[in-house]
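Comments concern the structure below.
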Amino acid sequence: MGPNGMTTTRGVLAGDAWGGLAAMLVALPSAIAFGVTIFSALGASHAAAGALAGILGATALGLVAPAFGGSSRLITAPCAPAAAVLAALAITFTQQGVAPAAIVLLLGMIGLLAGLAQIGLGLAGVGRLIKFIPFPVVSGYLSGVGLIIIGSQVPKFVGAPSGTSLIDTLKAPSAWMWQSIVVGAVVAATMLLVPRLTRAVPAAILALLAGIGAYLLLGLADPALLRTEGNPLLVGSLGNADGNLAEAIEKHWLALRSLGLREVAQVLAPALTLAVLLSIDTLKTCLVIDAMTRSHHEPNRELIGQGLGNIASSLVGGIPGAGTMGASLINVSSGGTTRRSGLFAGAFSLLAFMALAPLIAWVPIAALAAILIVIGLRMIDRNSLMFFYSPTTRLDFIVILAVILVAIFGNLVAASGVGVALAILLFLREQSRSSVVRNRIDGHHLFLKRARSTQDIERLEREGGEVVVFELQGSLFFGTASQLQAALEPEIGARKYIVLSMRRVQSLDITATHMLEQVKDRLEETGASLVFCDIPKGLPSGLKMKRFLKDTGVVRPTSKALAFGQLDEALEWIEAQQLAQDRVEQSIAGSLGLRDMPIFAGCDDAAIAALEAAMEIRAVKAGKRVFKAGAGDGALFIIRHGTVRLTLPIHKKDNYHLATSGPGDILGGMGFIEAEGHAADALALTDVEAYMLTREQFEMLAVEYGDIALAIFGNVARSLATRLRVAVGEIQALRG
């Protein structure tokens, strides 16, 4: 590696080291606070054990999760959702009379099973589903967790006895300790003011030091405060009477191994709950980091890494965690660029524990409570409260409020489930309110693209009331099926052909097809037909609509429901059915000579004979092209026998139907006028015979027979004008 490469590597390594250090300074105080919150439910004497569990969790998660995860800058540490769930469970187990030592093991088993569940979620590919969680659910979930954290920390903030609930604390202000309130207030004020003054040092570190300093100053006035043993206001010594840290971890591991299937079954449900919450919290943070750094994480691999980290944390006696927003953002802003920054954060957590263990004993519990209260306040999405004041977002506010209430009075997984369910209902409500009928075109306003005789045109115009076209859009599902049925209901009995254009339909379900089958059956009773056209080849969901309509019985070859590729094809079929009631079109069956063509009615025999001599007859089999778009020398074609379909290529195999022409019609007018290649494809629908006139032959003929030239140019102009009028009419119909 060259000097530049080595310098770059050292720079990246230094950035990761500084990022990991800064992230540790943010994550470690919170980890200690979360651990104290969980273990304090077991009694005031367990606060030190909780602080130790928080540090061990930050260390194990930091060393394992980044090594196996799928995000390069994520910092994993004990987090608020884990603290909220485990603290509530610790209180529940205590009320059930479970011994504190057994509760510690059960909490460790919950973290272990949650890690295994996360690995299962990652292997199952569930990580990709995070993008489908609606914003109101995430907002309500974060606000709910924030309020739970605040509610659990208020008793510690005011110095209430360990295990006192929020309600009991508020009812008994006489039990509050003013020293605890003063320390908490100093810490909270420092947390709020420091970011406004400097960001060089994390606010949580300065706040914690300010809290320790304030407590020591109070101790000068009351010497009883200056002891760590048995002091309910302090975390206390982290020392272990049973041996050193390695021996304590080994003892915890052996105790976990002694748990049986009965204990596993007892904590399986909360473990799955915790796995879901930690996964959501992690992947949500990954999305924010990706947006900030323009990077991309692997969600399923990240879940596996998180699961391994939580397993490691549980095995050493730490508390579980997730990818944390605050520490990760500090890591990014401090120069962290690779997964090594997360490893540095874990290593620095262990070093901090080894170097600062005596100082941690003097950390006031009120200081940790104040830090968590500020964190909880920042988790509350106050901007979403403004949704209430706008009618368009009030229902989203209701979703957020429902998630918060269920989180507070129920549990966090139930809150997420309720939020997703309500969001789905709101989505279905919005979809059902949007119109599935984009446009309705009466048969009298449809433009013919096939050349017809005057008598045929008059007849089709008289019978235009038999046809109606509906352009459908959006999702045809159980929420909009009744709306579509209401739109089609007035047409049943009044129309002989109901045409449904499906071009803009995005989805289709079995309820909608069942409704369409009912409409088809009712039309069939009156001899009418349901006609589908513009059927998409594939929906965004991957559903093959045409096959789905056939498989569900709506479209069958023997039924009165038919499917056509394009609307023009459907209309031509309908016109053929209407004209076939009286006669079969003679223009297709017979051949037409130049003298019999209306366009040359005013020309003398000599001019027509000269024209016929200058032209050659080209025969084209059905299914073959008379000419191709972009090719040819711009020759003019006059159909003598058969039917030709003119189409404009659009994209790949798609095309736009310009016109269908028969005997006596002129083809290739635009290319003939421009003396360039043809503008469209001309496909023979039947066996075709056509007169072909090149530009050179026409110019030679026009010198002597001006009436022929005038007749040809006049017909070409009328043909192009007709197509332009049809195009304008279609544009107006689409805009309508």
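Just so it is clear, none of the values below were taken in a lab; they were calculated from the coordinates. Predicted, not measured: the structure shown is a model, and the values here were computed from it. Note that we place each Cβ from the backbone using ideal geometry, even for glycine, and neighbour counts take in every protein chain shown.
Note on GLU696 and ARG504: the extension gain reaches 64.5 nm, defined as 0.36 nm multiplied by sequence separation minus the Cα-Cα distance. Given in Å, the Rg to one decimal and the Dmax to the nearest whole number for the Cα atoms of segment 8-425 are 20.3, 63.
Among rounded, prolate and oblate, which fits segment 1-149 when a ≥ b ≥ c are the square roots of the eigenvalues of its C-alpha gyration tensor, a/c under 1.5 means rounded, and a/b larger than b/c means prolate?
On the way: a/c = 2.17, a/b = 1.58, b/c = 1.38.
Taking the square roots of the gyration eigenvalues as a ≥ b ≥ c, segment 1-149 is prolate.
Segment 667-710 and segment 615-633 have their alpha-carbon centroids 11 Å apart. Ranked by the mean number of other Cβ atoms within 10 Å of their residues, highest first, the peptides 172-181, 13-22 fall in the order 13-22, 172-181.
Contact order normalised by length for the chain, with contacts defined as Cα pairs under 8 Å and 6 or more residues apart; what percent is it? Present the calculation step by step, with values, prior to reporting the outcome.
On the way: 1360 pairs, mean separation 116.5, N = 736.
Dividing the mean separation by the residue count of the chain yields 16 percent.
Could you tell me how many degrees, from 0 to 90 and to the nearest 10, lie between the Cα long axis of helix 80-95 and the main elongation axis, the longest principal axis, of the Cα atoms of the chain? Value to nearest ten degrees: 50. Taking R0 as 22 Å, what's the FRET efficiency between ILE398 and HIS514 from their Cβ-Cβ distance, rounded to 0.05? For R0 = 22 Å, the calculated efficiency reads 0.10. For ALA487 and LEU539, what is the calculated FRET efficiency with R₀ set at 25 Å and r taken between the beta-carbons, to the nearest 0.05? For R0 = 25 Å, the calculated efficiency reads 0.75.
Got the relative contact order for segment 8-425 handy, in percent, Cα pairs under 8 Å and 6 or more residues apart?
Numbers: 801 pairs, mean separation 164.3, N = 418.
Relative CO of segment 8-425 lands at 39 percent.
From most to least packed by mean Cβ count within 10 Å, the peptides 695-708, 517-530, 370-383 give 370-383, 517-530, 695-708.
Which FRET efficiency, nearest 0.05, do TYR389 and LEU648 yield, Cβ-Cβ r, R0 51 Å? E(calc), rounded to 0.05, equals 0.50.
Using 31 Å as the Cα-Cα cut-off, could you pick out the over-long pairs in LYS496/LYS621; LYS496/LYS624; LYS544/LYS624; LYS284/LYS546; LYS496/LYS550; LYS537/LYS628? Walk me through the intermediate numbers first.
Working: LYS496/LYS621 34 Å; LYS496/LYS624 34 Å; LYS544/LYS624 29 Å; LYS284/LYS546 39 Å; LYS496/LYS550 22 Å; LYS537/LYS628 25 Å.
As for pairs spanning more than 31 Å Cα to Cα, those are LYS496/LYS621; LYS496/LYS624; LYS284/LYS546.
Amide H contacts under 5 Å for ALA659: LEU646, restricted to partners 5 or more places along the chain or on a different chain, H placed in the peptide plane at 1.01 Å from N.
Shape class of segment 84-207 from the Cα gyration tensor (axes a ≥ b ≥ c, square roots of the eigenvalues): oblate, since a/c reaches 1.5 or more and a/b does not exceed b/c. Dipole size of the chain about its Cα centre, with +1 on Lys/Arg Cβ and -1 on Asp/Glu Cβ: approximately 2160 debye, rounded to the nearest 20.
When segment 590-736 is described by a simple charge dipole with +1 on each Lys and Arg Cβ and -1 on each Asp and Glu Cβ, the residue from ASN715, ALA613, VAL726 located farthest towards its positive end is VAL726. For the pair LEU685 and MET670, how long in nm is the line joining their label points, each one 7 Å along Cα→Cβ? The answer from the label model is 2.0 nm. Between TRP253 and ALA265, the contour length at 0.36 nm per residue exceeds the alpha carbon distance by 2.4 nm.
Along segment 101-117 the Karplus relation, 6.51 cos²θ - 1.76 cosθ + 1.60 evaluated at θ = phi - 60°, assigns HN-Hα couplings of 4, 5, 5, 4, 5, 5, 5, x, 5, 4, x, 5, 5, 4, x, 4, 5 Hz to successive residues, with x for each Gly and Pro.
As a check on your grasp of the helix formula, calculate [θ] at 222 nm for the chain: sum -39500 (n - 2.57) over DSSP H runs of n ≥ 4, divide by the residue count, round to the nearest 500.
Working: 26 runs with 426 residues, N = 736.
For the chain, the value works out to -19500 deg cm²/dmol.
The charge dipole of segment 8-425, taken about its Cα centre with unit charges on the Cβ of Lys, Arg, Asp and Glu (plus for the first two, minus for the last two), comes to roughly 720 debye.
Between the residues ILE150, LEU646, ILE249, the greatest Cα displacement towards the positive end of the dipole of the chain, with unit charges on the Cβ of Lys, Arg, Asp and Glu, is found for ILE249.
Using the average count of surrounding beta-carbon atoms within 10 Å as a protection proxy, the listed peptides 103-116, 183-196 rank, highest first, as 103-116, 183-196.
Extension gain for the segment GLU298 to ARG196, taken as residue separation times 0.36 nm less the Cα-Cα distance, is 33.2 nm to one decimal. Rounded to whole numbers, the Karplus 3J(HN,Hα) couplings from phi for segment 595-612 are 5, 7, 7, x, 5, 10, 4, x, 9, 7, 5, 5, 5, 5, 5, 5, 5, 5 Hz, using 6.51 cos²θ - 1.76 cosθ + 1.60 with θ = phi - 60°, and x at Gly and Pro. The Cα atoms of the chain give a gyration tensor whose axes a ≥ b ≥ c have a/c of 1.5 or more with a/b greater than b/c, which makes the shape prolate. Amide H to amide H, with H built 1.01 Å from N, ALA322 comes under 5 Å of ALA77, CYS79, counting only residues 5 or more places away or on other chains. Along the axis of the charge dipole computed for the chain (Cβ charges of +1 for Lys and Arg, -1 for Asp and Glu, origin at the Cα centre), the listed residues ALA414, LEU658, MET515 are led at the positive end by ALA414.
Relative to the Cα centre, what is the charge dipole magnitude of segment 275-395, using +1 at the beta carbon of each Lys and Arg, -1 at the beta carbon of each Asp and Glu, and rounding to the nearest 20 debye? Show your work: numbers first, answer last.
Details: 8 positive and 5 negative charges, 35 e Å.
The dipole magnitude comes to about 160 debye.
Taking a Cβ cut-off of under 12 Å around VAL145, the surrounding Lys, Arg, Asp and Glu residues balance to a net charge of 0, with basic ones at +1 and acidic ones at -1.
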